[in-house]
Amino acid sequence: MQDDFQNDTGTPAHPASVQHLGLTRLLRRATQDDPALAAIEAYWQRLRRGQTIPRRADIDPREISDHVSSVFVLEKIAPGLARFRIAGQQVNEVMGMELRGMPLSALIEQGSRDALQSELVRLFDEPAILRMTLRSGPLISGVMLLLPLCSDLGDVSRAMGILRSRGPVGSGVNRFGITGTTVQSLGPAQGSSTAHLPPRARPVPQPGFADPQLAFLAPGSDGPSHPSERPYLRLVR
């Protein structure tokens, strides 16, 4: 316990900083141990069905209803750039704004955006799983997990993510610095073109999608970026 009350030089911390230091470490540990992160990654792994990358069409919000408000879906728009197609209520609340259509970099402080861009290239191109530890000011910590997905066309241009934070987010805009990144490369994506994708039934909208747990899905178009790509995961009124 004594180590928790020392600064980075190993000398005893000033009494006024002890409470802040302990809270900072508590927030970091609580965020990294968040069971929601493991639950979402386990769900993504189940969707793989022997393939390297699952399809976005395979995601059923009802199966992750306990954590869906912290989940979002990204679309690659250029190398190293991605935007939010869908964002859960808690993700919007952490940022203090509606994120649909916004770039992922809107979450990130200016000084960490080059690092984000580099890691997003790996997310989609290798492809890879990304896990980032985040910090916003002295009292807010977070973890963001990004899991690659294939679009209906078979290219790895989508990702499912989850953002979990600890600390008082307040009512203003919060942006995070990236304090660490873990990358798990998955190797060349099987099914990088539609010619290699095995046939699979396209999901049919069901009344269950109107469950109140899906209320975070804003009304309006989750517009397909290609004429053959159908929108889905939409709130049915």
Any idea which of P103, P61, P79 is surrounded by 16 or more Cβ atoms within 10 Å (Cβ to Cβ), over 13 Å from the mean Cα position of the chain (by Cα) and not small (G, A, S)?
P61
Would you please name the residue that is nearest to F176 (Cα to Cα), looking only at residues in region 135-162 that are at pLDDT below 95 and of a type in the set (A, V, I, L, M)?
I140
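Quick one: how many residues across region 68-83 are outside any strand (DSSP E or B) and under 13 Å from L146 (Cα atoms)?
Residues flagged as outside any strand (DSSP E or B) and under 13 Å from L146 (Cα atoms) within region 68-83 amount to 1.
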Condition met for I86 (at pLDDT below 95, touching a strand residue (DSSP E or B) at 6+ places or on another chain (Cβ under 8 Å), under 25 Å from L123 (Cα atoms) and assigned to a strand (DSSP E or B)):
yes
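Do the conditions hold for R56, that is, is it modelled with pLDDT of 95 or more and among the basic types (K, R)?
On the way: modelled with pLDDT of 95 or more: no; among the basic types (K, R): yes.
No; evaluated as a whole, the condition is false for this residue.
The values are calculated or read from the model by the stated rules, or taken from the named source; none is laboratory data. These numbers come from a predicted model, not from an experiment. Here Cβ is always computed from backbone atoms with ideal geometry, including for glycine, and neighbour counts include all displayed protein chains.
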